[in-house]
1. Calculate what fraction, in whole %, of the accessible area of the chain sits on carbon and sulfur atoms when a 1.4 Å probe is rolled over the protein chains.
2. Taking Rg/Rh (Cα atoms, Kirkwood Rh) straight from the coordinates, which label in (i) 1.01; (ii) 0.98; (iii) 0.94 is the correct one?
3. For the stretch 319-362 and the stretch 33-62, what is the centre-to-centre distance using only Cα atoms, to the nearest Å?
4. Would you calculate the separation in nanometres between label points at Ala153 and Ala327, each defined as 7 Å from the Cα along the Cα-to-beta-carbon direction?
5. Suppose every K and R has +1 on its Cβ and every D and E has -1 on its Cβ; what is the size of the dipole of the chain about the Cα centre, in Debye to the nearest 20?
6. Roughly how many nanometres apart are two label points built 7 Å out from the Cα toward the Cβ at Arg97 and Gln179?
7. For the residue pair Val35 and Cys335, what label-to-label distance in nm results when each label sits 7 Å from Cα along the Cα-to-beta-carbon direction?
8. HN-Hα J couplings of the stretch 145-155 from phi, Karplus 6.51/-1.76/1.60, θ = phi - 60°, integer Hz, Gly and Pro as x?
Amino acid sequence: MQTTVGQTTVRRPARARLQALAAYVKRNQSFLGRVLRQYAWNTVNVRLLERTRVVEPLSAIFYVTHRCNLSCHYCTQKYPDILSQEVSTEKTIEILRIVRRHLQSLYITGGEPLCRMDLEQVLEAAAGLGFNTILHTNGVLLDRREKVLDFIASLVISLDSMNEGRFDSVTQSAPGTTQRIISNIVRYGRHMQSTGRPLTINCVIDRSTVDDVYGVMEFCREHNFIFSCCSALKRDLTPYELLEHAGYRRLVEHILEAKRRKRLKINGSLEELEYILKFKDFNCYPTLFARIYPNGDVYYPCVPLKTVGGNLLETPSIKEIYRRAQAKFGDVPDCRGRCHLYSNITSHFYVHKFWNLAAEYK
C-alpha cells in the first residue's frame with residue numbers, strides 16, 4: 001500500500017501494512033467470515049455441482065420511493081412496471097428490522113430518496129440497527145436535508161456532465177439545476193471527507209454525454225472523489241450499439257488507462273470495468289443483492305423480469321421469500337448477462353472471480 005505526497009510516492013512499511021490489514025479483519029470479522037462461507041458454498045453448489053444459480057444475498061438495495069424531482073430520460077425506476085406504494089415510517093422501519101436479521105449492508109436509492117420527508121427517521125433507524133448504509137441521491141435537495149448525512153457510511157451522487165445545459169437536458173430540469181448539484185457535491189463532499197467517509201460520483205454514460213465524461217473524471221480527480229460509471233440501459237437492457245460509437249470506444253480506453261495508472265479513484269477492479277464498459281458476457285446472480293421496493297416487495301430474481309417473490313411484511317425472511325419464489329418461478333435463468341450494471345457484474349465476480357474482487361476491495 002502506498003500514499004502520494006506531492007509528486008513523491010511513499011510506500012508504507014510492511015509492518016504497517018500488516019497492522020492495517022489485521023485491524024481491518026478485526027473490525028469486519030463477522031462480515032468477512034460470512035463472505036468466505038458464501039464463497040465456499042458458491043464454489044461447490046453453483047460452480048462445481050451446478051445445483052442452483054440462486055445465491056444468498058450479501059446486501060440489500062432498498063428503493064425507498066419511486067418519486068423523483070428530476071426526470072432523467074434513461075431512468076427505469078420513476079415509472080416502474082410494477083408500482084409499489086410507500087408504507088408508513090413505522091412499517092418502513094419494520095422492513096429494515098427484518099432485513100437486518102439477514103444483512104448488514106444497505107443501499108438506499110429510489111426514485112430520489114430525499115423526496116421522502118421521513119428519510120432522516122428511516123436512516124437514523126438504519127444506523128441504530130447497525131446497518132452500514134450507502135445513500136444514492138441526485139444531490140439537488142442535500143442543502144435542505146443535510147441531516148441525512150449523520151446516519152450514513154457512504155454517499156453516492158449522480159452526475160453525468162459538467163455542462164449545465166447538457167445535464168439540465170438529461171435530467172429535464174430547470175436551468176441552474178446542474179450548478180446546484182455541483183455546488184452541493186463540492187460542499188458535502190468536503191464534509192464527508194472531513195469525517196472519513198467517501199463520496200462517489202455515479203456517471204451514467206449515454207451517447208449524448210460521451211464527450212462530457214472526461215470533465216466529470218477531472219472533477220473527481222481534482223476533489224479526490226471516487227468516479228463510478230456504467231452505460232445508460234434501454235428498456236433495462238445493455239445498449240450494445242454504443243460499441244459502434246468511436247467516441248465511446250475512446251472514452252472506454254481512457255477510463256481503463258486512468259484505472260491502470262491510478263490517475264484518480266475509480267470504482268471497481270480493472271477487469272470489472274472491462275466487463276462493464278466493453279459489455280463482455282457474464283453470468284448474473286441477481287439474488288446476491290436483495291432488491292426491495294417501498295412496500296416491502298422483494299424481487300425474484302431481478303427487477304427487469306418483473307416477478308415479485310414475496311413481501312417482507314407478510315413473509316419476514318428474505319431466505320424464505322427466495323425459497324418460495326424459486327419453487328414458484330424456477331431457478332435464476334441464464335440470461336447471458338444482458339444488463340451491464342455494477343451490481344450484476346459484481347455478482348459474476350463474487351461467484352467466478354472472487355479473489356479478483358477481494359484484491360480490489362481489500
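1. On the chain, the fraction of accessible area on carbon and sulfur atoms equals 51 percent.
2. (iii)
3. Spelled out, the Cα-based centre of one part sits 8 Å from the other.
4. Going by the 7 Å Cα→Cβ label model, 3.4 nm.
5. Result for the chain is approximately 1380 debye, rounded to the nearest 20.
6. Placing both labels 7 Å beyond Cα along the Cβ direction yields 4.8 nm.
7. Modelled inter-label distance: 2.6 nm.
8. Coupling constants for the stretch 145-155: 10, 5, 4, 4, 5, 5, 10, 10, 9, 7, 10 Hz.
The values are calculated or read from the model by the stated rules, or taken from the named source; none is laboratory data. Computed from a predicted model, the values in this text were never measured in an experiment. Positions of Cβ are generated from backbone atoms using ideal geometry, with glycine treated the same way; all protein chains shown enter the neighbour counts. Accessible surface is based on the protein model in full, side chains and every heavy atom, while ligands, DNA and RNA are left aside. Shrake-Rupley method; radii C 1.70, N 1.55, O 1.52, S 1.80 Å.
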